[in-house]
Amino acid sequence: MTTALDREHLQAAARDHLWLHFSRHSAYEIGEMPVIVRGEGAYIYDDQGRRYLDGLAGLFVSQLGHGRRELAEAAARQAQQLAFMPLWSYAHPGAIELAERVAGYAPGDLNRVFFTTGGGEAVESAWKLAKAYFKLIGKPTKHKVISRAIAYHGTPQGALSITGIPGMKAPFEPLVPSTFRVPNTNFYRAPEQFGAPDDLERFGLWAADRIAEAIEFEGPDTVAAVFLEPVQNSGGCFPPPPGYFQRVREICDRYDVLLVSDEVICAFGRLGHMFGAERYGYQPDIITCAKGLTSGYSPLGAMIADDKLMAPFLEGENSFLHGYTFGGHPVSCAVALANLEIFENEKINEHVRDNQDAFRATLEKLMDLPIVGDVRGDGYFYGIELVKDKVTKETFDNDESERLLRGFLSRALFDAGLYCRADDRGDPVIQLAPPLICDQEHFDEMEQILRVVLDKAWSLI
Ligand SMILES: Cc1ncc(COP(=O)(O)O)c(C=O)c1O
C-alpha cells in the first residue's frame with residue numbers, strides 16, 4: 001500500500017505525464033485515476049489496499065491469474081541468460097521451442113509461427129502475408145479483406161482498417177483501403193432479412209452467405225482474406241451459430257480466399273481449448289493470437305500460418321519483408337513456454353470446460369433483472385446486454401448509454417469490487433472474461449456485485 005503522500009504525488013504525476021489508452025482524460029480532472037499496484041490469483045489491489053475481482057483478466061490476458069512465481073522466475077532466468085536477440089535472420093532456443101509447441105497445438109497444417117509483440121501486429125502480419133503470398137503465387141490482384149460489423153481487430157492502420165467500428169476509425173481516416181464489412185452473428189438482434197427469427201442455424205448460414213455475397217460484389221480475384229473471431233468480442237460476445245464456420249470454410253475454398261481466425265482473445269483456454277477453431281471444429285489458414293499466450297507476464301503475439309502459405313517464401317531469393325524488433329522476445333518466449341507448461345500440468349482447459357456451464361448458469365440468474373436483455377458467450381467469455389425494455393429489446397439512446405455506462409456503471413462496478421468493462425461499441429454490454437482459474441465462488445461474487453449495481457442502474461434510468 002502506498003502512503004498518502006505517495007498517492008498524492010502519483011496522482012499528480014499521472015495527470016501531468018501519463019497518457020492512458022482509449023481514455024477520456026477529462027474524467028480525471030475531478031476524479032482520481034485508479035492505480036493498481038499488485039495482483040494475486042483472481043484479484044487485483046489498488047494503492048489504498050482495496051481488493052477487486054479481476055472480471056476481465058486484465059484485458060482478456062491473465063489466464064492463470066496474478067502473482068504466479070513460476071512465470072516471474074522464468075522471465076528472470078531468461079533475462080539473465082539472454083535478454084535480447086531479434087528474430088531477424090537469427091534464432092534463439094526459446095523462440096524455436098515455442099514455435100514447435102504452438103504449432104503442435106494449432107489445428108491441421110498450421111505449422112509456421114511468426115512472432116509479434118501483440119495482437120494488432122499479428123493481424124497486421126496476417127494481412128501482409130495474405131497479400132504477399134498471393135503475389136508470389138501469381139494472383140497479384142488478390143488483396144482485399146472482408147471482416148464483420150462492430151468487430152475489433154487492433155489499432156495499427158491495417159488492423160484498424162479491418163476493424164468494423166466506424167467511430168473508432170473516423171479520427172484516423174483515410175485508413176488502408178480495400179476492407180469490407182459483412183453482418184456479424186448477433187442472433188439477439190438478428191436482422192429481419194434472413195426470414196426465420198427463431199432459427200439460429202439458419203441465421204448462421206444466412207450470415208455466412210453474406211461473406212460469399214461480399215466476395216462476389218468485390219470480385220473473387222481481388223479478395224485475399226476473411227478475418228473472423230471465433231466468438232466476436234466487440235458488441236458483446238457473439239458466438240458462432242452451429243454450421244457457421246463450416247459454411248465460411250466452404251465459401252473460402254470456393255473463392256480461394258484465406259480464412260484468418262483472429263484468436264487474440266479466444267485462444268489459450270478462453271473457450272476451454274488452446275484455440276477457438278478447435279472449439280468450433282473449423283480449419284483456418286491463419287490464426288492470430290497474443291494475450292493469453294503469456295498470461296500477461298510479458299508481451300507476445302503470433303501469427304500461425306498454414307505450411308502452404310510459407311512454401312513460396314522458402315524458395316530462392318524470396319523472403320517475407322516484415323518483422324518487429326521485439327517480436328518473439330526471448331523473455332516473452334520463456335514466459336510463454338512456462339505458461340503453456342502450467343496449462344498442461346494444471347489442466348486449465350479441462351477446468352474451463354468443467355466449470356463453463358456453472359459460469360453461464362450463474363450469470364443467467366441475472367436475467368430476472370429488468371435491465372438485462374441477453375446473456376451470451378461461451379467458455380469463460382460473456383457479454384451481458386443491457387436494455388431499456390426486455391420485451392421489445394429497445395436499447396438506450398446515445399445520451400442514456402453515456403449516462404448509464406460512462407456516468408455510472410463502470411465506476412459503480414469498480415467501487416463495488418468488480419473490475420470488468422461496460423462497453424457501448426455496439427449496444428451497451430457488460431463484458432466478463434475472468435482468469436481461467438476462477439470457480440463457483442468467483443462466479444457468485446460477480447453475480448452478486450452485478451445484481452446490486454445493475455439494480456441501482458435501473459433505478460437511475
Ligand atoms: C480480436 C482482437 N484482435 C486484435 C486485437 C489487438 O490486440 P493488441 O491490443 O494486443 O494489439 C485485440 C485486442 O483486444 C482483439 O481483441
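The values are calculated or read from the model by the stated rules, or taken from the named source; none is laboratory data. The shown structure was predicted, so the numbers you read here are calculated from the model rather than taken from an experiment. Virtual Cβ from ideal backbone geometry, glycine too; neighbours counted across all protein chains shown. For the accessible areas, the whole protein counts, side chains as well, though only heavy atoms, and no ligand, DNA or RNA atoms are used. Shrake-Rupley method; radii C 1.70, N 1.55, O 1.52, S 1.80 Å.
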| Which one of 363, 337 is over 26 Å from residue 409 (Cα atoms) and not polar (S, T, N, Q)? | 337
| field | Near pairs, Cβ below 7 angstrom, 6+ apart or cross-chain, from the range 214-230 (farther than 9 Å from residue 141 by Cβ) to any residue that is polar (S, T, N, Q) and crowded, with 24+ Cβ neighbours inside 10 Å | value | 227/147; 228/261; 230/261
| Any residue in the range 386-401 that is within 26 Å of residue 291 (Cβ to Cβ) and in contact (Cβ under 8 Å) with a residue 40 or more places away in the chain? | yes
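Rundown of residues vs (1) within 13 Å of residue 433 (Cβ to Cβ); (2) over 27 Å from the mean Cα position of the chain (by Cα), yes/no style:
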| site | (1), (2) |
| --- | --- |
| 35 | no, no |
| 40 | no, no |
| 54 | yes, no |
| 59 | yes, no |
| 64 | no, no |
| 68 | no, no |
| 75 | no, no |
| 79 | no, yes |
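Table: residues versus (1) at pLDDT 95 or above; (2) under 25 Å from the mean Cα position of the chain (by Cα).
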{"site": "133", "(1), (2)": "yes, no"}
{"site": "143", "(1), (2)": "yes, yes"}
{"site": "149", "(1), (2)": "yes, yes"}
{"site": "190", "(1), (2)": "no, yes"}
| message | So in the range 1-31, with the set limited to residues that are of a type in the set (Asp, Glu) and more than 18 Å from residue 45 (Cα to Cα), which one is most open to solvent (accessible area, probe 1.4 Å)? | response | 29
| said: For the range 155-188, give me each residue that is within 30 Å of residue 372 (Cβ to Cβ) and touching an Asp or Glu at 6+ places or on another chain (Cβ under 7 Å). | reply: 188
| task | Hey, can you tell me all the residues within the range 103-146 that are among the hydroxyl-bearing types (Ser, Thr, Tyr) and within 16 Å of the ligand (Cβ to nearest atom)? | result | 116, 117, 125
| said: Need a quick list: helices (runs of 4 or more DSSP H) entirely within the range 371-461 having at least 1 residues that are open to solvent by 20 Å² or more (accessible area, probe 1.4 Å), under 22 Å from residue 359 (Cα atoms) and at pLDDT 95 or above. | reply: 410-415, 440-460
| query | Name the pairs whose Cβ atoms lie under 7 Å apart, with the first residue in the range 275-302 and of a type in the set (Phe, Trp, Tyr), the second within 11 Å of the ligand (Cβ to nearest atom), and 6 or more positions between them or separate chains? | reply | 275/263; 275/267; 280/230
| field | Test result for residue 153, more than 16 Å from the ligand (Cβ to nearest atom) and modelled with pLDDT of 95 or more | value | no
| For the range 49-61, does any single residue satisfy the condition of being in contact with an Asp or Glu (Cβ under 6 Å, 6 or more places away or on another chain), open to solvent by less than 60 Å² (accessible area, probe 1.4 Å) and farther than 30 Å from residue 259 by Cα? | yes
| Quick check: anything in the range 334-344 open to solvent by 10 Å² or more (accessible area, probe 1.4 Å) and charged (D, E, K, R)? | yes
| query | Can you tell which of 364, 344, 350 is among the acidic types (Asp, Glu), within 21 Å of the chain's Cα centre (by Cα) and not in a loop (DSSP other than H, G, I, E, B)? | reply | 350
